1. Could you check ALA52 against (1) under 16 Å from PHE174 (Cβ atoms); (2) touching a Gly at 6+ places or on another chain (Cβ under 8 Å) and say which number it fails?
2. Within the set of pairs 6 or more residues apart or between chains, which connect a residue that is in the same structural domain as LEU260 (by TED's automatic domain parsing) and hydroxyl-bearing (Ser, Thr, Tyr) inside segment 312-333 to a residue that is assigned to a helix (DSSP H, G or I) and modelled with pLDDT of 95 or more with Cβ atoms less than 8 Å apart?
3. For segment 143-170, give me each residue that is in contact with a Lys or Arg (Cβ under 8 Å, 6 or more places away or on another chain) and within 27 Å of PRO102 (Cβ to Cβ).
4. Can you find, within segment 53-67, the residue that is surrounded by the fewest Cβ atoms within 10 Å (Cβ to Cβ) among those that are over 22 Å from GLU14 (Cβ atoms) and among the aliphatic types (A, V, I, L, M)?
5. Suppose we filter ASP337, ASP380, ASP330 for residues that are surrounded by 13 or more Cβ atoms within 10 Å (Cβ to Cβ) and outside any loop (DSSP other than H, G, I, E, B); which single one remains?
6. Just checking, does segment 178-185 include any residue being in a helix (DSSP H, G or I) and surrounded by fewer than 18 Cβ atoms within 10 Å (Cβ to Cβ)?
7. When residues of segment 398-420 are filtered for being under 11 Å from the mean Cα position of the chain (by Cα) and surrounded by fewer than 23 Cβ atoms within 10 Å (Cβ to Cβ), how many remain?
8. Quick check on my filter: what residues within segment 457-507 are touching a strand residue (DSSP E or B) at 6+ places or on another chain (Cβ under 7 Å), of a type in the set (A, V, I, L, M) and over 24 Å from ALA55 (Cβ atoms)?
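The values are calculated or read from the model by the stated rules, or taken from the named source; none is laboratory data. Please read all numbers here as calculations on a predicted model, not as lab measurements. All Cβ positions, even for glycine, are placed from backbone atoms using ideal geometry, and neighbour counts span all protein chains on display.
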Amino acid sequence: MPTVASTLVSALDELGVRQVWGVVGDALNPITDAIRRQDTLEWIGVRHEEAAAFAAGAQAQLTGSLGVCMGTVGPGSLHLLNGLYDAKKSHAPVLAICGQVPTSEMWSNFFQEVDNDAVFADVAVYHATVTAPGQLPYLLQQAVNTALARRGVAVLTVPGDIGDQDVPDHHVSFALPHSGQVAAPADVAAAAALLNDAEKVTMLVGCGARTARDEVLAVAKSLAAPMVLTLKGKEGLEGDNPYQVGQSGLIGNPAAHLALHQADALLLVGTDFPYRDWLPQDKKVVQLDTRPEHVGRRLPVTAALIGDAKGTLAQLLPQLQRRSDTAFLDHHRHEFDLWHAAQRRLTDPDHDRKLLGRIRKKLDNPDELIRPEVVAAAIDAAAVEDAIFTSDTGMSTVWLSRFVEMRGRRRLLGSYNLGSMANAMPQALGASALDRDRQVIAFCGDGGLMMLLGDLRTAVTYRLPVTFVVFNNGRLGMVKLEQEQSGLPEYGTELDNPDLAAVATACGLRARTVTHADDVAEAVAEALEHDGPVLLDFRTNPEEISIPPKPTVEQGWGFAIAKLKENLISRE
């Protein structure tokens, strides 16, 4: 007769789950043993459960199907929380299987006992505890169906005495959701009328439009609209797009900022861009999203379209009046090209040896460290057209957003809604486990990498050929910038790092430290050709400044005051 553990494992296998991530022990032992006794489901034992949750969330985002992680009793399950919150905010369907003390000891303040249903209530769209073996089939069905339907986290808790108990033979089946709802015809007509009446329209497009590339470009052409892409919208929409003008927000550029603010109307497609301060609040707005709760929570919306981007835009397109005047689009595309060309100058390894570069480096790079722009551009040039990129929150994301183009079938992952540190490395592990022949590149900050450093060994143990690119500036770079823009001297951001290449080598990776810009391209090419995990430790300039699209007088004054304070402190 099947057990709770074997029933659970067989059901996940039939669903198509290929890996389960976690740390073994206690209540999970019957489940991991059931995984051991079959051939198609791979157990990947990480060194920290947070890495397991990030990896499972990455797999869910890349495939659209269920990612699975496990944490054992008490602390093991608690360690999952940060990665699960990232999955929640990224709308990634993840099943977390959590251990619990034996049922006879529940509610007795037993060793390691934690009330999982209370702890995970906020992060989970579904949570339940199996208290009798006969409950397993239908609780598992509810957990998985809810995670898939609501694109969120489900937590199923299994006490220590339940996993190896028999379950009456019961086939577990799952209801896979179908998308494709199109907005109501009357709403489409109202949106078309608004857009046709506006003289200048700008589009803000996010990852919800990823599968509607042709329709998005056709609408932009019809409206002669510049297209601002969110960071997550880069994937699938950035490459070979004659309408896009880059990103807005702190990682953005002046052309995107002005395109939003100088328009008469905005068309938001598949985005819940969270930064209200970067959005004009006085425009007529059409917002298209599959989730009604997203509509109107960032901007007042004049016309709402609730539906799938591809189908709804296909209905909208014939009702739009084709524009022959492209002056508004051309102007902002030109401004974007000028800004981009200026940025690209910093990617030249010889930049600091040229006249303007020599002047600039005396101010911001006297130690002649590598400019991070050089690293990001070299990776963009060398990476294949179906590479998967992950990036740590902070400056690593800035350099990726500006210098890595999501062309071809490239994919992009990051903690872009939760904003956690330490996500790039475990997300890259999850991506690589899906296809060990596919190129996966992690843009790691030195601070982020150090948080979960032990899971570098996971890449070796499970033969995951990730290239870990470390922007090692010895700083929490984004925090440093925040402090200085506020007029505060840098404090608490300096990192006393070990030799990261030596640590990676000790963990079994191929590793290299790069200290000169002239060596960057060769090091990147060599790493990407290696059939195994590699770490590149680039010693980058901590003074490199990411200027926001519209710097304020207060930010500039604050930065000047901060630098004066830092100089005074350094002389004490």
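1. ALA52 satisfies every listed condition except (1).
2. Matching pairs, first to second residue: THR312/VAL188.
3. Answer for segment 143-170, where residues must be in contact with a Lys or Arg (Cβ under 8 Å, 6 or more places away or on another chain) and within 27 Å of PRO102 (Cβ to Cβ): just VAL153.
4. Looking at the filtered set, the residue picked out is ALA53.
5. Of the residues listed, the single one that is surrounded by 13 or more Cβ atoms within 10 Å (Cβ to Cβ) and outside any loop (DSSP other than H, G, I, E, B) is ASP380.
6. For segment 178-185, residues in a helix (DSSP H, G or I) and surrounded by fewer than 18 Cβ atoms within 10 Å (Cβ to Cβ): present.
7. Residues meeting the conditions: 6.
8. LEU495 - this is the single residue of segment 457-507 that is touching a strand residue (DSSP E or B) at 6+ places or on another chain (Cβ under 7 Å), of a type in the set (A, V, I, L, M) and over 24 Å from ALA55 (Cβ atoms).
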